[in-house]
Amino acid sequence: MKVPFQGAIDCDIHPAVPGVSALLPYFDDYWRDQILTRYITKLPFTLTSYPPNAPVSLRPDWKPQSGLPGSSLDLMRTDALDPFGSRFAIGNVLHGSVALFSEDMGAAFCSAINDWFAKEWLDREPRLRGSILVHMENPEFAVAEIERMATDHRFVQVLLFASGNMPLGRRVYWPIYQAAEKHGLTICIHAGGLYRTAPNASGWPSYHVEDHVAQSAIFANQVVSLLSEGVFSKFPGLKVVLAEAGFTWLPSLLWRVNKTWRGVRTEVPWIDRPPAEIVRDHFRFTLQPVDAPLDGAQLARTMEHIGSEDLLLFSTDYPHYQFEGDEVLPDGLSDSQIRKLMVDNPLASYPRLRDGWSAATATRNKEAVQ
C-alpha cells in the first residue's frame, strides 16, 4: 500500500558514514593523530548485522553509483524523503565503532559521528532529526555524550543496540535512562549489536538468515528485562522504540509474560500491574520490516491481539531491503491505524518532535496565507 498522504514521520532511516576520513575534522587533535598514525582510516567499521553484500542491506534501486548505501544526502532526499512525503525523518547511524573494546576510542568515535551528522546532515536538511550514538558499554561516557548533545533539540533519541554484554534492564544502564528522561529523549533499541556473545542461546549460527531471525528473540528478551528490572517504575516518563524488531511476535510475549507474572509477582513488586499494560504504555515498534503474512486480514487480527493502535511507528528503513518499491505500508491496516502510525504515534513517542511539528505547521500556515 502506498503512503496515502504527505507529512508522515519516518522513524528509521540510515545515513551512513562514508569512511573514517570523513570524521577526521570532528576528532580532537589526540584522536586524529591516533587514527592517522595507526591507519585506522583503512578500517571499514561494518556491523556484522548488516554485511554490505547481504540482500537485506540494500534495495537494488537504492544502490548508489559509488560509495556506501545511505552515504549521500542528495540520494536520501530523492529516494526516501521526497517520494514518501516525509515531514520528518529520524536518522540512525549504525556504525561498528560501538563494538570497540577500547571504551575511550569508542566514545571518541560516537562523539565525532554525532558532530558529523549534525554538521553534514542536520544543518543541510531541515526535515531530518538525529539519534545520539553512545558507547553503551560505558554508561559514564554515554551519559556525558547525552548531556553534550542534548542542547541540540534536533536530536530526539538515544541510540542503543539490541545485543550487548548484558540485558538492558540491568541497573548499570540506568544512568543512560535517567539522562534520556531528564532531557525528553526517547530510547531507541535497534537491531544488531556488539557480537561479543552469540545472537542466540544455542551458540553461533552458520548463516545470516539464522542471525536475522534470532533478532526478534533478542528484542523479546530486552522487553522482559526492562520490565523485570523495574526500569519504568524508576523512570515513568521513558519511552522505548524498538527499531527493526518486527512486531508480530508481541501478542504471544504479552500473553506469556502476563501469565507468568501472576504466579511470581511477589518477586518483582515494582511491577504493580499486568506487564502487557506497561508494554503498551512505554514501548513502540517501527513498521519496517513487517514480519507479517501478505494476507491483510491476518495482520489485522495480529493488531487486535496486540490490543492497541498506539504501538506502531511509520518507517521506511532506508536504504535496507524491506518492501516493494513505494508500497511501504502493508495491507490490513485501517485508516485510523495508518493515520496514527504515520503521525500521531511518532508525535506521542518523541517529545522533541512535537515542538518541531508545531513550528513546521505554523510556517506552512503562514506561507499559505501569503
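The values are calculated or read from the model by the stated rules, or taken from the named source; none is laboratory data. Quantities reported herein were computed from a predicted structural model and do not represent experimental measurements. Here the Cβ is made from the backbone with ideal geometry for all residues, glycine too, and neighbour counts use every protein chain on show.
Values for this structure:
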| item | result |
| --- | --- |
| Unique match (being surrounded by fewer than 15 Cβ atoms within 10 Å (Cβ to Cβ) and closer than 24 Å to residue 215 by Cα) among 172, 158, 134 | 172 |
| Residue count, the stretch 79-114 (criterion: of a type in the set (Phe, Trp, Tyr) and out of contact with any strand residue (DSSP E or B) (no Cβ under 7 Å at 6 or more places or on another chain)) | 2 |
| Answer residue from the stretch 289-324, given it is acidic (Asp, Glu) and free of Cβ contacts under 8 Å to residues at least 40 places away in the same chain and is farthest from residue 190 (Cα to Cα) among those | 295 |
| Any pair with Cβ under 7 angstrom, 6 or more apart, that starts in the stretch 125-152 at a residue that is farther than 15 Å from residue 189 by Cβ and part of a loop (DSSP other than H, G, I, E, B) and ends at one that is at pLDDT 95 or above and polar (S, T, N, Q) | 127/86 |
| Count - residues of the stretch 63-99 that are of a type in the set (Gly, Ala, Ser) and closer than 19 Å to residue 41 by Cβ | 6 |
| Conditions (1) at pLDDT below 95; (2) within 23 Å of residue 348 (Cβ to Cβ); number of the one not met by residue 265 | (2) |
| Subset tally (residues that are surrounded by 11 or more Cβ atoms within 10 Å (Cβ to Cβ) and more than 20 Å from residue 345 (Cα to Cα)) for the stretch 273-290 | 2 |
| Per-region count, the stretch 237-269, residues under 22 Å from the mean Cα position of the chain (by Cα), over 30 Å from residue 183 (Cα atoms) and surrounded by 20 or more Cβ atoms within 10 Å (Cβ to Cβ) | 0 |
| Subset of the stretch 103-124 [in a helix (DSSP H, G or I) and either aromatic (Phe, Trp, Tyr) or farther than 23 Å from residue 44 by Cβ (or both)] | 109, 116, 117, 118, 121, 122 |
| Residue satisfying condition, being in contact with a Phe, Trp or Tyr (Cβ under 7 Å, 6 or more places away or on another chain) and either under 24 Å from residue 95 (Cα atoms) or of a type in the set (A, V, I, L, M) (or both), within set 191, 245, 201, 217 | 245 |
| Test: residue in the stretch 293-301 that is touching an Asp or Glu at 6+ places or on another chain (Cβ under 7 Å) and farther than 25 Å from residue 252 by Cβ | no |
| The stretch 177-196 residues that are buried (at least 21 other Cβ atoms within 10 Å of the Cβ), paired with ones that are of a type in the set (Val, Ile, Thr) and part of a strand (DSSP E or B) (beta carbon under 6 Å, 6 or more apart) | 180/158; 180/187; 185/158; 186/241; 187/158; 187/240; 188/241 |
| Selection status of residue 98, among the hydrophobic types (A, V, I, L, M, F, W, C), assigned to a helix (DSSP H, G or I) and within 19 Å of the chain's Cα centre (by Cα) | yes |
| Residues satisfying the stated conditions in the stretch 20-42, i.e. free of Cβ contacts under 8 Å to residues at least 40 places away in the same chain and under 23 Å from residue 320 (Cβ atoms) | 20 |
| Which listed residue, of 90, 35, is crowded, with 21+ Cβ neighbours inside 10 Å, part of a strand (DSSP E or B) and either at positive phi or not aromatic (Phe, Trp, Tyr) (or both) | 90 |
| Qualifying position, being within 16 Å of the chain's Cα centre (by Cα) and β-branched (Val, Ile, Thr), among 143, 213, 223, 172 | 223 |
| Residue count, the stretch 273-295 (criterion: modelled with pLDDT of 95 or more, out of contact with any helix residue (DSSP H, G or I) (no Cβ under 7 Å at 6 or more places or on another chain) and not aromatic (Phe, Trp, Tyr)) | 5 |
| Number of positions in the stretch 5-32 that are surrounded by fewer than 14 Cβ atoms within 10 Å (Cβ to Cβ) and not hydroxyl-bearing (Ser, Thr, Tyr) | 5 |
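Residue by residue, here is whether (1) hydrophobic (A, V, I, L, M, F, W, C); (2) in contact with a Phe, Trp or Tyr (Cβ under 6 Å, 6 or more places away or on another chain); (3) modelled with pLDDT under 85 holds:
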position: 39; (1), (2), (3): no, no, no
position: 47; (1), (2), (3): yes, no, yes
position: 67; (1), (2), (3): no, no, no
position: 72; (1), (2), (3): no, no, no
position: 79; (1), (2), (3): no, yes, no
position: 83; (1), (2), (3): no, no, no
